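J.: Here it is, the structure, as structure tokens.
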Ligand code: FE
């Protein structure tokens with residue numbers, strides 16, 4: 001399954017932001033964490049998102065075509081990643097209360113006003129099936145700066161936000177979220193119960 005020519009640690013050197021992606025479908029609100037949102041064209045302004053197909057937010061956007069991207073800043077606590085990233089909207093209502101200053105924009109989707117510095121509302125015009133992910137190509141219908149704070153990067157998250165693994169435990173740690181699997185051998189088909197990443201994203205605790 002793992003390609004010996006691909007060093008995962010090389011891919012981690014790519015720079016990414018971290019964002020809360022939100023959707024609304026017939027009164028149902030949901031959101032998830034994504035690390036890929038780029039401005040891809042200027043006029044009209046377009047963005048491209050890569051979204052894991054396993055999530056409910058993915059399916060909602062595929063259907064409704066509308067979304068908000070809340071740009072997280074460096075003040076974001078781990079709890080935001082746990083809330084939006086490590087549980088499924090199929091099991092919990094992530095917007096049961098006004099979380100992190102959530103407000104609705106004109107497209108009916110929530111966005112966050114806490115730990116964020118901008119919100120971008122998009123309308124999907126094209127999709128590309130990427131296997132594990134769908135690329136959503138979208139026109140920006142509204143964009144608003146919320147604060148002058150520094151946007152959080154994936155690198156900053158790894159170095160400053162993700163909790164360090166518990167010491168003296170024999171097992172494997174998820175490089176994405178820090179979940180620790182206790183045991184000598186990690187099953188090849190293991191899926192992280194928190195962030196849903198595969199066994200290839202785990203490393204052995206030494
Ligand atoms: Fe994980």
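J.: Tell me, please, whether a residue that is assigned to a loop (DSSP other than H, G, I, E, B), under 25 Å from residue 53 (Cα atoms), without any contact (Cβ under 8 Å) to a residue 24 or more places away in the chain and more than 10 Å from the ligand (Cβ to nearest atom) can be found in the range 180-187.
T.: yes
J.: Within the range 188-206, restricting attention to residues that are in a strand (DSSP E or B) and within 12 Å of the ligand (Cβ to nearest atom), which residue is surrounded by the most Cβ atoms within 10 Å (Cβ to Cβ)?
T.: Among them, the one singled out is 202.
J.: Could I ask something else about it? Conditions first: (1) outside any strand (DSSP E or B); (2) touching a strand residue (DSSP E or B) at 6+ places or on another chain (Cβ under 9 Å); (3) modelled with pLDDT under 95; (4) farther than 18 Å from residue 24 by Cβ. Residue 76 passes all but one, so which condition is the exception?
T.: Evaluating residue 76 over (1) outside any strand (DSSP E or B); (2) touching a strand residue (DSSP E or B) at 6+ places or on another chain (Cβ under 9 Å); (3) modelled with pLDDT under 95; (4) farther than 18 Å from residue 24 by Cβ leaves (3) as the failure.
J.: Take the range 15-35 and flag every residue that is in a loop (DSSP other than H, G, I, E, B), under 16 Å from the mean Cα position of the chain (by Cα) and either within 18 Å of residue 115 (Cα to Cα) or without any contact (Cβ under 8 Å) to a residue 12 or more places away in the chain (or both).
T.: 16, 18, 35
J.: Tell me, please, whether a residue that is within 16 Å of the ligand (Cβ to nearest atom) and assigned to a strand (DSSP E or B) can be found in the range 150-171.
T.: Yes, because at least one residue in the range 150-171 is within 16 Å of the ligand (Cβ to nearest atom) and assigned to a strand (DSSP E or B).
J.: Residue under question is residue 148, and the condition is that it be surrounded by fewer than 16 Cβ atoms within 10 Å (Cβ to Cβ), within 20 Å of residue 72 (Cα to Cα) and under 15 Å from the mean Cα position of the chain (by Cα); does it hold?
T.: Spelling it out, it is not the case that residue 148 is surrounded by fewer than 16 Cβ atoms within 10 Å (Cβ to Cβ), within 20 Å of residue 72 (Cα to Cα) and under 15 Å from the mean Cα position of the chain (by Cα).
The values are calculated or read from the model by the stated rules, or taken from the named source; none is laboratory data. Small disclaimer: the values here were computed from a predicted structure and weren't measured. No Cβ is skipped: glycine too gets one built from the backbone with ideal geometry, and neighbour counts run over all protein chains shown.
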